[in-house]
Amino acid sequence: MTTKQKLTRSKYIRYTQIALLLNFLFHFTSFAQRIGDEGIRFDNSKIDPAYPQMREWIKAGVQGGIPLLSKSKIKKTISATNSDGINKAIEEVSKNGGGQLRLRNGNYTINKTIFPKNNVRIVGQSRDGVVLTITMTGKDSQAIYFRGTKRGSLERLTIKGNQAGKPDPFKLALVKPNYDIKGVVFGSGAKNCWVDKVTILNTGGSPVNTWKTDHLTFRDMYVDGVWNKGGGGSGYFAIQSGYALVYNCTIKNLRHFAIQREGAYYNVVYKNNITQDVNFHNADAGNNLIEQNNITIQSGFDFQYHAVMGPWASFHRVSDRDNYIYKNTCIERNNNNRRSFSDKNIVYLGPRRKEERSRIPEFPFDKSNKTPKHGTFYPVIEKNTATPPVTVNPTPTPPSNVDNDKLQRNGVFYIRNKSNGQNVIAPKWDDYNTRMFNARTFNDQKWEFKHIGNGVHTIKNLGTNRYLEIPFGKCDNGSNVATWTNANSDHQKWILNQKNNAIYLLPKHCSSKALDKRGGKDQNVHLWAFNQNNNNQKFELIPVSGQKKLDKLSDMGIQLYPNPAIDNLSLNFNDNHQPISYTITSVLGQTLLQGDFINDGSSTKNINVNNLSSGIYFIRINTTNNQSSFVEKFMISKP
C-alpha cells in the first residue's frame, strides 16, 4: 500500500468514526428524553417517604420505556390494503422475529379485527397520511385487538369510523347500536404495549379499552368522538388494568375517561388535556394518580357532571383504596365555570363515597393538606419534552407557500374568521388554548401584531400578555395552537399571507401549514395544510380602533332591573326595539345563558338567573331593529 493510499484510508476511518460518534450523540440526546421513552429517569431523592405509592407510580407504562425506532429493523413495508392484508403482514413480521411493519401513506380498511403480535411495531409513514377506516358492523367486537400481545405497538397513524357526520357530544345513548365496534382493545394479559402519536376519531364503541393487562403506555394521542355513549360501559376511554401511563394526550367528547374494575391500580394520568370527566366508575383497586392535567366539562352537560367523579349507580362500588388527585386545572363550564379539584395545596383522596343525588362537587372525595414534599407525586426528570422528529422515507422540505403576498402589520386587531364571523381567543379558562368565540370587545379577543422583519410577526394577546404559538414546535395536521409567555422561537412567530381578500396566518417554523379553525362555531383552532380555498383558514384583521362599539341598553331607552339581581332580570323595551334573543356571558366572555324571547306583544321580558352565582356579568340583546345588538353590564348578589 502506497503512502498516499494509507493517508486516504486513515482519513476515511477518522471521518467514519466522527460520523458514528455524532450520530450516537444525536440519537442519545434528542430521542431518549421524553416521558415514556427508554432511558427516562426519575429523581429518587424526591420520593416522599409518606407516600410509598410513588415508588410504584414511577413504574407505570412500558417497562424499560418505549424503545427507539432506530433500534428495531423494518421487516416489511405495505401499501393500502384491508384487514386481511394487514394481518398477513403482521404474521410475516412476527415469524421473522419481530420488528417494524411500516404502512405507507394511504387509506386502509378495517373490515375485520386486526391482531397485533408479539414484538411487532405497526408504524405509519405519517400520522395524517396513514388512515385506517373502520367499516365493520355489529356489536361487541374490536377494530384492533392486542390479545395477550407482548411488546407490540401502534404508532403514527389515524383510526376513524366511517359513519357520516359527527357524533353529538351530549347525546348519551346508543345512537348507532349496529356500529358498536370498539377502537383499540388490550386484553387477555397484554403487557408492555404502547400507542404513540395515534389519532382516533368517531368510533362506534369505546375508542380505547383495557382489561386484565399491565404496563401499557398511551402517549401523544388525539381521541375525539364516539357514536354510542349509552349505559353498560359504552363510549369510554377505559383503563381497567394496572400500571398504565397516559401522557400528553387530548381526549374529548366521549362518555367517560374511566378508571375502574378490580385490576385498576397504580395507573398514572399525567399532563393531559381531557375535555371529559375523569371517572372512578366502579370498584377500582385504588392508588391511581391523576396529576397536572387540564380537565374541562363542557357547558352542554347538566350540573350533575363534575371534573372528577366517583360511582353513582346503586350497583357500582367505591374504590378499594384511595386514589390521588393533585395539581390539576379543572373547570366545570356546566356549573358556572366552577373550578373544582384545582387547589394546588390540596390532595384529593377517594372516592370514599358515592355521588349524591344532588351531585355535590368533590363530595365523594376527602381533602388532605399533606402535599408531597417536593411538589409532585411523579418526580420524572424532563430534559426534552418536544416530540422527536421521525421520518419513514426522508424527503425534501416542501416549498413554502409564502410568496410576494406577504403582509406587514403593526397594531392591535381582532382575528376574525371570514366564514363564521367569530374571533380567535386564547383565554385562561381554556388553559390558554386558542378557539373561536362570538365577536366581543373583551381584551382576550384583541391581538397585538408586531412586525419584526422579513414579513415575520409576533402576535400577543392583550388579555393574557401571551404570544400565539404552536406548542413544542409541532408541524402535523391537527397540531394544537395555544399561547406562551414569550416569543423567542420560530414556532412563536407568524407570517401573514394575503390572497383574494383573505389573510392566512402561517407559522414561521412550518410555513406549509396555516392557522385553521375546526368546522362550525365555537371550535378549537389548530394547524392544517395551507389551502387558499379552505374557508376555515380565511381570516381578516379588524383594527380595534376602528371597531364599532355596541350601544348600551340604557342609551337606547331600554331598562334593565333590578341591578344587582338575585333570581330574575327584567327588561323593559320601547316600541323601536323589540327583543329577539339574549346571551349572558361572564367577564371572561364565556356564554352562560342564552335564549329567545316569545313575541307576545309585552314590553317587559323576564330572564331567570337563579342558577348564576354572585358576580359581574354582561347581557347582550338582539332586537328586530335591523338586527341591532345592545350590551349591558349587571351584577348578581345572592343573599
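Things worth noting here:
- Taking amide H as placed 1.01 Å from N in the peptide plane, residue 592 has its amide H under 5 Å from the amide H of 584, 585, 586, each at least 5 places away in sequence or on another chain.
- Shown are 280, 530, whose ranking by accessible area with a 1.4 Å probe and every protein chain present, most to least, is 530, 280.
- Per residue, segment 239-387 exposes 35 Å² of solvent-accessible protein surface, assessed with a 1.4 angstrom probe and all protein chains in place.
- Prolate/oblate/rounded label for segment 232-375 (Cα gyration tensor, a/c 1.5): rounded
- Largest first, the extents of the alpha carbon coordinates of segment 407-464 on the three principal axes equal 33, 25, 17 Å.
- Amide H contacts for residue 451 (H built 1.01 Å from N in the peptide plane; partners 5 or more residues away or on another chain; cut-off under 5 Å): 409.
- The coefficient of translational diffusion for segment 260-325, derived via Stokes-Einstein from the alpha carbon Kirkwood radius under 37 °C and 0.692 mPa s, stands at 265 µm²/s.
- Normalising by residue count, segment 138-272 has a Cα convex hull of 88 Å³ per residue.
- Amide H contacts for residue 565 (H built 1.01 Å from N in the peptide plane; partners 5 or more residues away or on another chain; cut-off under 5 Å): 635, 636, 637.
- Residue by residue, segment 63-68 carries 3J(HN,Hα) couplings of 5, x, x, 6, x, 5 Hz when phi is fed to the Karplus relation 6.51 cos²θ - 1.76 cosθ + 1.60 (θ = phi - 60°); x denotes Gly or Pro.
The values are calculated or read from the model by the stated rules, or taken from the named source; none is laboratory data. Owing to the predicted nature of the structure, the values given are computational and were not obtained by experimental measurement. Ligands, DNA and RNA are excluded from the accessible area calculation, which covers all protein heavy atoms including side chains. Shrake-Rupley method; radii C 1.70, N 1.55, O 1.52, S 1.80 Å.
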